[in-house]
């Protein structure tokens, strides 16, 4: 896009393209090892104290000997996508104009495999950053049907052509046969 040998200056080329001149010279920096260690410990503390915000986490980190400020902890929390869990006002009130979808599984008894599937997405801390793990589960058998690991959470990474499917083992086939052979219906399964 930007031609450094062109007759127009770089500033005028950037203005013509509608981008800032600073973005042309910007080179992204990798996350430092100190920040990765701090992010890992912040994540561990957040799992122990999910109600802790940046101020409390900074205090916990400072008690462990880390020299870090509240704004840096807040920045790291935003980078990792974590925030303190606390009661927010009017959380049960839907926003005006939002469609409310009915819960279709309310009176449904889940009695066989492949009747109801569920999907969940979480992030997993790694040695140098984080990855997202998405899984499709069967509610009845509680088996993982498919899974996907990605470094970004985009619609393309969730496309079905990228999923790794779990091949059924002999134990799964036996379990499936035993499940079908049950004479009494299974109790109603709940998502929780």
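The values are calculated or read from the model by the stated rules, or taken from the named source; none is laboratory data. Values in this document were obtained by computation on a predicted structure and should not be read as measured data. Note that each Cβ is placed from the backbone with ideal geometry, even for glycine, and that neighbours are counted across all protein chains shown.
Each row is one residue, and each column tells you yes or no for (1) over 27 Å from residue 122 (Cβ atoms); (2) loosely packed, with under 15 Cβ neighbours inside 10 Å.
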| position | (1), (2) |
| --- | --- |
| 10 | yes, yes |
| 22 | yes, yes |
| 35 | no, no |
| 40 | no, no |
| 47 | no, yes |
| 51 | no, yes |
| 64 | no, yes |
| 78 | no, yes |
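The residues of the stretch 132-147 that are under 23 Å from residue 47 (Cα atoms) and either surrounded by 15 or more Cβ atoms within 10 Å (Cβ to Cβ) or at pLDDT below 85 (or both), listed by number, are 132, 134, 135. Restricting the first member to the stretch 61-76 and to residues that are outside the structural domain of residue 36 (by TED's automatic domain parsing), and the second to residues that are loosely packed, with under 10 Cβ neighbours inside 10 Å, no beta-carbon pair is closer than 9 Å while six or more apart or on different chains. Among residues that are surrounded by fewer than 16 Cβ atoms within 10 Å (Cβ to Cβ), outside the structural domain of residue 36 (by TED's automatic domain parsing) and over 13 Å from the mean Cα position of the chain (by Cα), residue 127 is included.
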